[in-house]
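Derivation of every value follows stated rules applied to the coordinates shown; laboratory data play no part. Computed from a predicted structure; not experimentally measured. Here Cβ is always computed from backbone atoms with ideal geometry, including for glycine, and neighbour counts include all displayed protein chains.
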Ligand code: SF4
């Protein structure tokens, strides 16, 4: 591959980007810290959430878990609770496991080497490169969907972003543009340009600092990039739950580590024949996961006898809770929505 020295034109684009970033970069709270722990947490949170929505969650999480040790000492229930509203709960569990790794393998100090950061649970190449470049000066592009989109447009590059080779292809392109010693700023500048200017739909090309260098813009073909040829068809999945209620109370249990929604709480999935006479109604909730379309059917049973209700809880190993108590636990989104509908009418 060519080095930066051999590509002054590409480097020039990177320099323009940094100049724009120095004036227009977003004033975000986590940009005022050089603590790798906080930057790691925010990288994970903002991978899945818009900045405005995620800020409150970020502050709430960091206020409760200000450092790796505090996080490692917390229960997974509490970590999940402070992740509530962000979805993708497996990421919270991975962060928690990674905090244990940092305590056990790195003496409680956030690792500085790229490979060590990458060895943490739930940390992929993007996050490792972002943390390494921003906190430790590593010369690596943090390639994500923003990079794919911006670079494919600038170079009118038709490399299929749905293929496994896309990461290394766009990493090589980004390296050609990245000024030495500026990787952290460059990565953040690409994130800001991708989310504020070079948006997936209706990019603001007229005010883009790179429009003179952008081939797709010059050719009036912006809408043709990035190229994504392979569409993953989501699978359809139906789940059945029983909302078993007695007075203000209902039954829940904690999911195990297997399958989706690890360690979150759920309602019973088995419906005992003898309780069918107590059925009141059923609710259907549609929910989309990354590659799955879920239909969640929740049947509502009212058990009149307290003794029967308690027996049912004991036989099935369920907890009995009321709505207030359930608010201290984390449920999959469709079940959380169901509880809101039922109790906040
Ligand atoms: S000119 Fe338009 S398409 Fe090109 S990088 Fe800028 S915003 Fe993106």
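Structure notes:
- The chain, helix-only ellipticity at 222 nm - DSSP H runs n ≥ 4, -39,500 (n - 2.57), divided by all residues, nearest 500: -13000 deg cm²/dmol
- Simple spin-label estimate for residue 305 and residue 196 in nanometres, 7 Å along Cα-Cβ: 6.6
- Cα long-axis angle, helix 306-316 against the chain (0 to 90 degrees, to the nearest 10): 50
- Rounded tilt (10° steps) of 125-136 against the dominant C-alpha axis of the chain: 60
- Gyration tensor analysis over the Cα atoms of the stretch 61-107 returns equivalent ellipsoid semi-axes of 18, 11, 8 Å (largest first, whole Å).
- Its relative contact order, with pairs defined as Cα atoms under 8 Å and 6+ residues apart, puts the stretch 235-343 at 35 percent.
- For the stretch 184-215 versus the stretch 109-173, the spacing of their alpha-carbon centroids is 17 Å.
- Each DSSP beta bridge with both residues in the chain is either parallel or antiparallel, and the antiparallel ones are about 60%.
- Sequence of 103, 190 once ranked by neighbouring C-beta atoms within 10 Å, starting from the fewest: 103, 190
- Within a Gaussian network of the chain (alpha carbon springs, distance under 10 Å), most fluctuating of 240, 101, 325: 325
- When the chain is treated as a Gaussian network with alpha carbon springs shorter than 10 Å, the biggest mean-square fluctuation among 195, 75, 133 belongs to 75.
- Segments 232-239, 257-264, 245-252 sorted - mean Cβ within 10 Å per residue, highest first: 245-252, 257-264, 232-239
- Segment residue 77-residue 48, extension gain: residue separation times 0.36 nm, minus the distance between their alpha carbons: 8.4 nm
- Binned Cα-Cα distances of the stretch 154-230, short to long, each 5 Å bin given as a whole percent: 3, 14, 21, 27, 23, 10, 2, 0
- Rounded tilt (10° steps) of 51-64 against the dominant C-alpha axis of the chain: 70
- Cα-based Rg of the chain normalised by 2.2 N^0.38 Å, two decimals: 1.19
- Directionally averaged projected area (convex hull, Cα atoms, the stretch 2-64), nm²: 6.0
- Relative contact order, percent, the chain [alpha-carbon distance under 8 Å, six or more residues apart]: 16
- Of the beta bridges in the stretch 206-296, as assigned by DSSP with both residues counted there, near 60 percent are antiparallel.
- Label point distance in nm, residue 272-residue 23, each placed 7 Å from Cα along Cα→Cβ: 7.1
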